[in-house]
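Encoded as structure tokens, the structure appears first; notes follow it.
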Amino acid sequence: MSLTMKLVQLLLRMGLSQLMLYRLGTLRTMTLGLLNPMFMKGLLFELSSGCNRRCWYCPQSLVPKKREVMTLDFLDAVLKKLQLKKWAGTVDIGWNNEPMLDWDSLRMGVRKIREAFPSAFVRMYSNGFGLTQEKLNELMALGLSYFFITLHENDEKRRQLILSWVPAKDQTRIRVTLFQEIAILNASGHAVEGAPPSNEKFCVMQFAPVIRLNGDITLCCCDYYSETVLGNILRDDFWQVWRKSWWQRVRIMFGSKAAKACHACYNMTRTPLRKPAPKQPAATASAA
Ligand code: SF4
Ligand code: SF4
């Protein structure tokens with residue numbers, strides 16, 4: 001466990017609320033982001049793009065992405081370019097997609113990511129599609145630091161089943177929530193009708209870029225349509241690209257819509273978005 005995670009757990013045990021912890025994290029990111037043009041708090045990998053659901057609060061419901069996966073050769077080439085053995089940031093897998101749809105490439109991808117980032121906090125998001133006890137154990141053994149499962153169908157029975165699979169040693173590393181328990185964010189600023197605007201004064205999401213399936217480096221996890229492409233990891237030098245976008249990141253932090261992706265984003269608009277949201281259909285494939 002990284003030093004940062006040990007500190008986080010200690011602060012939580014001492015009674016610090018999640019909100020206070022979040023605020024401290026934002027303050028840390030702002031300070032480091034201002035002082036160090038190379039500071040990067042996280043990296044998100046789009047290992048695959050499809051989803052079995054079409055939740056009305058997600059851009060997948062408006063413009064579903066084709067089901068594609070990053071090949072392992074491609075991932076190898078990307079990881080070779082990054083070379084971040086000592087980096088202790090957060091690596092996210094799965095955002096606006098369902099990574100469990102493509103099980104074989106996912107498990108190999110998690111293994112490779114863990115090897116490439118031995119000091120990072122590797123986190124995965126899933127709707128629990130096809131999850132079994134064996135798969136859960138395998139993912140944790142492969143090196144996930146945290147597994148966040150949201151059951152969008154609000155199935156309490158399935159939650160209890162998944163929780164019964166979690167060994168005591170992993171109880172702080174796996175979270176299973178029902179959709180009704182999470183706050184609806186105006187995901188990517190594109191899908192949610194009448195969702196509350198963000199209360200955040202400062203955006204720090206742009207300090208965690210996304211590596212897309214085609215190697216494009218995009219601004220943040222809210223940039224669903226790749227409206228702000230900073231460069232391409234196979235074509236460009238990642239750190240040059242990152243340094244070049246520093247001033248843009250700082251301006252966004254203080255509320256400037258300095259990138260196209262920010263224009264409709266809940267972190268900027270401060271008003272509820274009124275785009276038509278289709279009704280949520282049933283899942284297009286059922287969970288095991
Ligand atoms: S399960 Fe997640 S990725 Fe899929 S449509 Fe719902 S919110 Fe979007
Ligand atoms: S304001 Fe811009 S950088 Fe911040 S979350 Fe939205 S799109 Fe991303």
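FYI, it's all coordinate maths here, none of it is from the lab. Just so it is clear, the model here is predicted, and its values are computed rather than measured. Cβ: placed from backbone, ideal geometry, glycine included. Neighbour counts: every protein chain shown.
Based on the Stokes-Einstein relation at 10 °C and a viscosity of 1.306 mPa s, and on the Kirkwood radius from alpha carbon pairs, the range 12-101 is assigned a translational diffusion coefficient of 98 µm²/s.
Could you order peptides 171-181, 252-262 by the average number of other Cβ atoms within 10 Å of their residues, highest first? Let's see the in-between values first.
Values: 171-181: 14.2, 252-262: 19.0.
With the highest mean Cβ count within 10 Å placed first, the list reads 252-262, 171-181.
Protection proxy ranking for 60-71, 42-53, using the average of other Cβ atoms within 10 Å per residue and placing the highest first: 42-53, 60-71. Distant-in-sequence amide contacts of residue 255, defined by a placed amide H-H separation under 5 Å and a gap of 5 or more residues or a different chain, comprise 203. The gain in end-to-end length when the residue 156 to residue 180 segment is fully stretched comes to 7.6 nm, 0.36 nm per residue minus the alpha carbon separation.
Of the trypsin sites (Lys or Arg not before Pro) found in the range 75-167, those in coil by DSSP whose Cβ has at most 13 other Cβ atoms within 10 Å are 85, 86. Between amide H atoms placed 1.01 Å from N, distances below 5 Å from residue 174 occur with 147, all of them 5 or more places distant or on a separate chain. Taking amide H atoms as placed 1.01 Å from N in the peptide plane, the amide H of residue 48 lies under 5 Å from those of 70, each 5 or more residues away in sequence or on another chain. Each Cα pair under 8 Å and six or more residues apart adds its sequence gap; the mean of these over the residue count of the range 1-129 is a relative contact order of 27 percent.
Per-residue 3J(HN,Hα) values for the range 211-222, derived from phi via the Karplus relation 6.51 cos²θ - 1.76 cosθ + 1.60 with θ = phi - 60°, read 9, 7, 4, 8, x, 4, 9, 10, 4, 6, 5, 8 Hz in sequence order (x marks Gly and Pro). Across all directions, the shadow cast by the convex hull of the range 70-123 built on its C-alpha atoms averages 3.6 square nanometres.
Cross-link partners of residue 257 among lysines, defined as those whose alpha carbon lies under 20 angstrom from its own and excluding same-chain residues fewer than eight positions apart: 201, 244, 275. Once the chain from residue 239 to residue 31 is taken as fully extended at 0.36 nm per residue, the excess over their C-alpha distance is 72.9 nm.
All other residues with a Cβ under 14 Å from the Cβ of residue 52 taken together, and with Lys, Arg as +1 and Asp, Glu as -1, what is their net charge? Present the calculation step by step, with values, prior to reporting the outcome.
Values: positive: 53, 54, 65, 66, 67; negative: 98, 102, 153.
Spelling it out: positives minus negatives among the neighbours equals +2.
Counting lysine pairs in the range 84-159 that sit 8 or more residues apart in sequence, or on different chains, and whose Cα atoms lie under 21 Å apart gives 4.
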